[in-house]
Structure formats: C-alpha cells, structure tokens
Amino acid sequence: MDIPIRELIDAISVQLQQHAEELTDLDRAIGDGDHGINMARGWNAVVAARAEIASLPPGAALEKIGMTLVMNVGGASGPLFGSLFMGLGKHLGDNPGFAEFRNALRAGIELVQQRGRSTAGEKTMLDVFVPLVEMLETFDPGGGTKTVEEIITTARCGMESTQAMLATKGRAAFLGERSLGHVDPGAMSSYLIIETVCNVIIRNLARQESS
Amino acid sequence: MTQCVGIVIVSHSAEVARGAAAMVKQMVGSDVAVESCGGTVDSRLGTDVAAIRACLDLAWNPPGIAVLFDLGSARMNAEMAISMCPAEQQERIVVCDAPIVEGALLAASEASLGSDLNTVRAAAEDA
C-alpha cells in the first residue's frame, strides 16, 4: 500500500480549517469552545513539518503526525488524536496492506480509549472510530470506490449517533441532559478526517484507473 | 537538607498557573520546588505538553512530584508529559485529583514537612 502522505496532510488540514468555525460553535454549545482552534493549530504544525514527515516510512510518518498533534494542539484533542496516530503508526509495520492498516487502527483506538478512560457510547470520537473498525472487519478492500464510500457512510452514521447521546466524559459531562441534541465536536472532526482520507483514496483510485 | 516532593501546577491559563504558584511559594518558601505552566504554544487558553515536561524536569526530586491540574484536558496533557519522562521517574510522579489552588497549597505544605509522595497526594486530594 502506497500512502500519499503529503496529499493526506494537506487535505486534512484544509478540511479542518474550513470547518474550524463550525467545530468551535459545536464545542461552545457543549464544551469549552476551543476544539476548532485547537485542531487547526495542531494540523498547521503538521503541515509545517510535512517535508520531514513525508520523508519517513509510513509507520514513522504517522507516529510523527501523532507526536506533532500532542505537542501542539493544547487541548484534549492533542493527546487523543495524537494517541490515535501514534498507535496507528507504531503498529503499521514496514510493508502495510489493508489488514495491517485495520489492525493498526484498532491499536490506535485502544490507545485513545486508555488515554481518555472512555469507551464507545459516551458521546466522543470513539463513536465514530469503534463502529468504523468493526465495519472494516468485513470490508472488501478490492471493492473500489463504492466500498470506500461505505466507509464514509459508516463514519457519518457514527458522528450523527452522538447527537442523541448523553455526554459522560469531558466538559460536556457537566451539562448532563443539556448535552443531548448536539453532535460531539470530536466525533465531527473524526468524521471530517475519515471523509477526507477516503476522498483522497477515491481520487487515487480514479487516477490509477485512468492511467 | 532533606529533599521534598516537588509540585507542578498545570492550568489552562498562564495567569492562573502563575498566581497559584505565587501563593504556594509565599506559603512554603523555597524548601519545596514549585513549577507552573499555563497556556498553549501560541499563548491561548490550554496546555502545552513541552512546557509541562520542562516543569517536571525542573521540579524533579527523588521523593517525586505531585501534579495539580485544572480541567480534564490539562490532566491528559500532564499524563502525556509524564509518559515522556525517564521510566524511573514516571512511577514517582502522580497527578492529584484535587482543586488546583487549594490542592497545590495543601500538597506543598505537606511536602514542606518532608512527607512522602502518597501523603502529599492524599493531602491535596482532601482539599
């Protein structure tokens, strides 16, 4: 599997910048109003380091993205998204295929669960990633664009499922029932990242087909 | 002089961190190593893992360090910073589940008596 790391970094960064205000508004409703700013700061730092990151093997590149987020985000999404990428990178191996990627993603999610002392169903980013990794268990990596779109749909459903959930973790937990009816900002940025990664994959599939 | 448990204060706000540290220092003088940090790398509200890591280095004493924090993400970033310390130090750095200012004051006064890490932590968590 060839990972277009530079293209992914640029695309994720642009996507999160474009949605920074929306993420911050969501976070103002149920958190402390800094999620959009924090994610933008973290991914700006990743973009600044992208030449070095792109020169690394895939696993080390993802670990470096994670460490850059940890050192720059400034809020809870630093250690959480940072752990996701660090776990993903650490377990990817030298010659990753689809199965290696899925297993590494699972390892990354386990790190997020440990760091946040959380599980799925608590109105967090895990409500996007846990159903996603379950879906990937039966996923056909040779299915082309259509199956990649199924990943986006799964992630979107995960994000939307947080709207009806009661927050028990993070600042939103202070709000109790007032957290109902709002999508979790961490789930939203998780969805945005997954959607962006999938769209990069779809673009690359199209390029391969036309060449 | 016996070495005391050090205190590290991690707030989202640089002003809160400085203010809490000033109160603690006025109370316990220079017997206890007290370090504090607050704010993100670009000086907004939040916490900075590298800054926390630097505070842990400065406050390190063999009896250990008690860390006080204000909000959940400060705790998570403190835990990240601790995980970057040398392995033999990590087990002697504890995060106290306590109000940041009162916890720091009680932890520091307990530390100034030469108490061990668990006693210092308990003092903070009773705040």
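The values are calculated or read from the model by the stated rules, or taken from the named source; none is laboratory data. None of these values were measured; they are calculated from a predicted model. Cβ placement follows ideal geometry from the backbone for every residue including glycine, while neighbour counts extend to all protein chains displayed.
Yes or no, residue by residue, for (1) modelled with pLDDT of 95 or more; (2) over 27 Å from A:Gln114 (Cβ atoms); (3) among the small types (Gly, Ala, Ser):
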| residue | (1), (2), (3) |
| --- | --- |
| B:Val49 | yes, no, no |
| B:Ile65 | yes, no, no |
| B:Arg75 | yes, no, no |
| B:Ala98 | yes, no, yes |
| B:Leu105 | yes, yes, no |
| B:Arg121 | yes, no, no |
### Subset of the stretch A:78-108 [at the interface with chain B (Cβ under 10 Å from one of its Cβ atoms) and small (Gly, Ala, Ser)]
A:Gly78, A:Gly82, A:Ser83
### Message
Scan the stretch A:51-61 and tell me whether some residue there is out of contact with any Lys or Arg (no Cβ under 9 Å at 6 or more places or on another chain), farther than 18 Å from A:Met188 by Cβ and crowded, with 22+ Cβ neighbours inside 10 Å.
### Response
yes
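Quick grid of which residues meet (1) away from chain B (no Cβ under 14 Å); (2) surrounded by fewer than 24 Cβ atoms within 10 Å (Cβ to Cβ); (3) modelled with pLDDT of 95 or more:
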site	(1), (2), (3)
A:Val70	no, no, yes
A:Ala76	no, no, no
A:Gly116	no, yes, no
A:Val128	yes, no, yes
A:Ile151	yes, yes, yes
A:Cys157	yes, yes, yes
### Task
Scan (1) in contact with a Ser or Thr (Cβ under 7 Å, 6 or more places away or on another chain); (2) outside any helix (DSSP H, G or I) for the single condition B:Ser73 breaks and write down its number.
(2)
### Message
Where the second residue is of a type in the set (A, V, I, L, M) and in a loop (DSSP other than H, G, I, E, B) and the first is free of Cβ contacts under 8 Å to residues at least 60 places away in the same chain and at positive phi and lies in the stretch A:162-177, which pairs have Cβ atoms under 9 Å and are six or more apart or on separate chains?
### Response
A:Gly176/A:Leu166; A:Gly176/A:Ala167
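Listed here are the residues, each with its yes/no results for (1) under 15 Å from B:Ala108 (Cα atoms); (2) surrounded by fewer than 17 Cβ atoms within 10 Å (Cβ to Cβ); (3) at the interface with chain A (Cβ under 9 Å from one of its Cβ atoms); (4) not aromatic (Phe, Trp, Tyr).
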site	(1), (2), (3), (4)
B:Met27	yes, yes, no, yes
B:Val32	yes, no, no, yes
B:Asp42	no, yes, yes, yes
B:Cys55	no, no, no, yes
B:Ala59	yes, no, no, yes
B:Ile65	yes, no, no, yes
B:Ala78	no, no, no, yes
B:Ile82	no, no, no, yes
### Message
Quick check on my filter: what residues within the stretch A:153-171 are assigned to a loop (DSSP other than H, G, I, E, B) and either small (Gly, Ala, Ser) or more than 20 Å from A:Met135 (Cβ to Cβ) (or both)?
### Response
A:Leu166, A:Ala167, A:Thr168, A:Lys169, A:Gly170
### Count of residues meeting criterion [touching a Gly at 6+ places or on another chain (Cβ under 8 Å) and either surrounded by fewer than 19 Cβ atoms within 10 Å (Cβ to Cβ) or more than 11 Å from chain A (Cβ to nearest Cβ) (or both)] in the stretch B:44-53
1
